[in-house]
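> First the structure, which I've put down as structure tokens, then a few questions once you've had a look.
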Amino acid sequence: MTALRFGSATDIGLVRTNNEDRYLVASPLFAVADGMGGHAAGEVASATAVETLKKAFTDRTPTGLAAAARAANRAVWDEAQASPDLRGMGTTLVALALVGEPGHEQLAVANVGDSRLYRLHQGEFVQLTSDHSLVGQLVASGALTPEEAEVHPRRNVLTRALGVDPDVDVDLVTVEVAEGDRYLLCSDGLPRELADDQMASVLRRLADPDEAARELVDRAREHGGNDNVTVVVIDVVDTDGAAPVGLDKGGEASTTALDTEDLTEPPRAGWWARLRARRSGPPTTRMITPRVIAFFVLLIALVAIAIGGIAYYARQSYFVGIHGKHLVIFQGRPGGVLWFQPTVAERSPVTTTGVLPVHLSELRAGKVETSLGAAREYVANLHHEYEAARSADTVPATTVPTTAPPATTIPSVTGVPASTTLPTVAVTTAPSRSTAPTTAPR
Ligand code: MN
């Protein structure tokens, strides 16, 4: 029968104003969660995750552990949806549990995010979890070395976390139990400050798991303490049924209940990432604001402004053109701008035979005016000019009233051949403000 002994420590660090890390030591279940989100939401997220994990871990199998992690995800998600202050919060979660029947026990590891599990096995110190972060993926694919990842400006962007979607993929690993193995669960605040060999050296030197955990946290503080640091150390001890004296802590769950409030950044929903203060940067509370998303939002805003400008340009003016025999006032630009096609604002009863032919080519091209009123005035002037010329030429004053064709949509102002000869009798007398605009300005 396998027994575990364990120790833990957490620290706010030297830079943060609150501790958003939470951990769980409820043997045989252990976990670390590193929360993020504005207005104390990070603390809510990590606390909810570990509490739910503990409650939901009823099936002591690897899949039971993964199911408990998904339940934790759902609980954080539901809580985030229920409160605007908490929306967009999330948390990492790395959990280790002894599973299976006595005699056939295994260790199961569930992970989402960039908190880590390491194992010290026969002197070898190895990270067993993969980081769900941008740089973690780049390292996994060989595009970055771990050393480059340490200083990468985007090392803080997570690609997976608990609570940001109703469902989450949980990495699940099982490890054979071996007496003498030592496990280290930690938030990213530890590897951020200490290299792997520095962590390993502490774990080799200090046999007591509590002492080792405290020492690791202290060393992280000494190296800058730029982030909250949380450490759980678990030793695999084969007791042959006899509990070691003074080592087991009774298996009670304990979550840190550290600082209270603070906060700067509002939570953000959507594709999700987080930022942490850089090693050399100013002290800032860890934020959930995704810089990448902000960039794209800005880009989209600029494109929208550009389109808006084009739309305004395309729609803000009027022009007089010809459709069929009639002069028509269009809203828009002759020929359209991009996909903004001109629309009929008003049909004039004046026909092409009611204006001097010298104006017809201009009308066919579309005579641009700054407003509907100016366009009406232009049409009226054309007609008055024609009438004046007609009376001067003593053209017989035969009036042929014209009837407007039925109103149809006019896709374009071009392509309608207009008569090129000067008619002598077709004259209209109606003023050019007869119908209402068919299209309201945007
Ligand atoms: Mn952290």
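> Could you run through segment 1-45 and say how many residues are within 28 Å of the chain's Cα centre (by Cα), within 30 Å of D181 (Cβ to Cβ) and open to solvent by less than 10 Å² (accessible area, probe 1.4 Å)?
Within segment 1-45, residues that are within 28 Å of the chain's Cα centre (by Cα), within 30 Å of D181 (Cβ to Cβ) and open to solvent by less than 10 Å² (accessible area, probe 1.4 Å) number 8.
> If you don't mind, there's one more thing I want to ask. For V151, indicate whether it is out of contact with any helix residue (DSSP H, G or I) (no Cβ under 8 Å at 6 or more places or on another chain), under 26 Å from L53 (Cα atoms), open to solvent by 10 Å² or more (accessible area, probe 1.4 Å) and more than 16 Å from the ligand (Cβ to nearest atom).
no
> For G103, state whether it is farther than 20 Å from P209 by Cα and exposed (fewer than 15 other Cβ atoms within 10 Å of the Cβ).
yes
> Counting only residues that are within 16 Å of the ligand (Cβ to nearest atom), of a type in the set (A, V, I, L, M) and assigned to a strand (DSSP E or B), how many does segment 158-205 have?
Number satisfying all stated conditions: 4.
> Taking T58, is it modelled with pLDDT of 95 or more and touching an Asp or Glu at 6+ places or on another chain (Cβ under 6 Å)?
Here the answer is no, as T58 does not meet what is asked.
> So which of A68, A110 is in contact with a helix residue (DSSP H, G or I) (Cβ under 6 Å, 6 or more places away or on another chain), assigned to a helix (DSSP H, G or I) and open to solvent by less than 10 Å² (accessible area, probe 1.4 Å)?
That would be A68, the only listed residue that is in contact with a helix residue (DSSP H, G or I) (Cβ under 6 Å, 6 or more places away or on another chain), assigned to a helix (DSSP H, G or I) and open to solvent by less than 10 Å² (accessible area, probe 1.4 Å).
> Within segment 136-143, is there a residue that is within 16 Å of the ligand (Cβ to nearest atom), more than 27 Å from D238 (Cβ to Cβ) and without any contact (Cβ under 8 Å) to a residue 40 or more places away in the chain?
Taking every residue of segment 136-143 in turn, at least one turns out to be within 16 Å of the ligand (Cβ to nearest atom), more than 27 Å from D238 (Cβ to Cβ) and without any contact (Cβ under 8 Å) to a residue 40 or more places away in the chain.
> Determine whether V358 is open to solvent by 30 Å² or more (accessible area, probe 1.4 Å) and part of a strand (DSSP E or B).
Criteria not met by V358.
> What's the total number of residues in segment 8-53 that are within 14 Å of the ligand (Cβ to nearest atom), of a type in the set (D, E) and assigned to a helix (DSSP H, G or I)?
Summing the residues that are within 14 Å of the ligand (Cβ to nearest atom), of a type in the set (D, E) and assigned to a helix (DSSP H, G or I) in segment 8-53 gives 1.
> Quick check on segment 51-60: of everything there that is within 25 Å of R182 (Cα to Cα) and touching a Gly at 6+ places or on another chain (Cβ under 9 Å), which residue is surrounded by the fewest Cβ atoms within 10 Å (Cβ to Cβ)?
Kept after step one, since they are within 25 Å of R182 (Cα to Cα), are these residues of segment 51-60: 51, 53-54, 57-60.
Those left that are additionally touching a Gly at 6+ places or on another chain (Cβ under 9 Å): 57-58, 60.
Numbers: F57: 24, T58: 9, R60: 16.
Filtering segment 51-60 for residues that are within 25 Å of R182 (Cα to Cα) and touching a Gly at 6+ places or on another chain (Cβ under 9 Å), the one surrounded by the fewest Cβ atoms within 10 Å (Cβ to Cβ) comes out as T58.
> Oh, and also: Being farther than 22 Å from L86 by Cα, among the polar types (S, T, N, Q) and open to solvent by 10 Å² or more (accessible area, probe 1.4 Å) narrows it down to one of T63, T48, so name that one.
Numbers: T48 fails: farther than 22 Å from L86 by Cα.
Criteria check complete, one pass: T63.
> Suppose we filter V350, V337, V344, V379 for residues that are open to solvent by less than 50 Å² (accessible area, probe 1.4 Å), away from the ligand (no atom under 16 Å from the Cβ) and at pLDDT below 85; which single one remains?
Every option except V337 fails the conditions.
> Given the conditions (1) on the phi < 0 side of the Ramachandran plot; (2) outside any helix (DSSP H, G or I); (3) out of contact with any helix residue (DSSP H, G or I) (no Cβ under 9 Å at 6 or more places or on another chain), and given that Y118 satisfies all but one, which numbered condition is not satisfied?
Unmet condition: (3).
> Against the conditions (1) within 22 Å of the chain's Cα centre (by Cα); (2) more than 15 Å from the ligand (Cβ to nearest atom); (3) closer than 30 Å to V236 by Cβ, where does H104 fall short? Just the number, please.
Failing condition for H104: (1).
> What number of residues within segment 206-229 are within 16 Å of the ligand (Cβ to nearest atom), surrounded by fewer than 21 Cβ atoms within 10 Å (Cβ to Cβ) and small (G, A, S)?
1
The values are calculated or read from the model by the stated rules, or taken from the named source; none is laboratory data. None of these values were measured; they are calculated from a predicted model. With ideal geometry, Cβ positions are generated from the backbone for all residues, glycine too; neighbour counts draw on all protein chains shown. These accessible areas exclude ligands, DNA and RNA; they are computed on the full protein's heavy atoms, side chains included. Shrake-Rupley method; radii C 1.70, N 1.55, O 1.52, S 1.80 Å.
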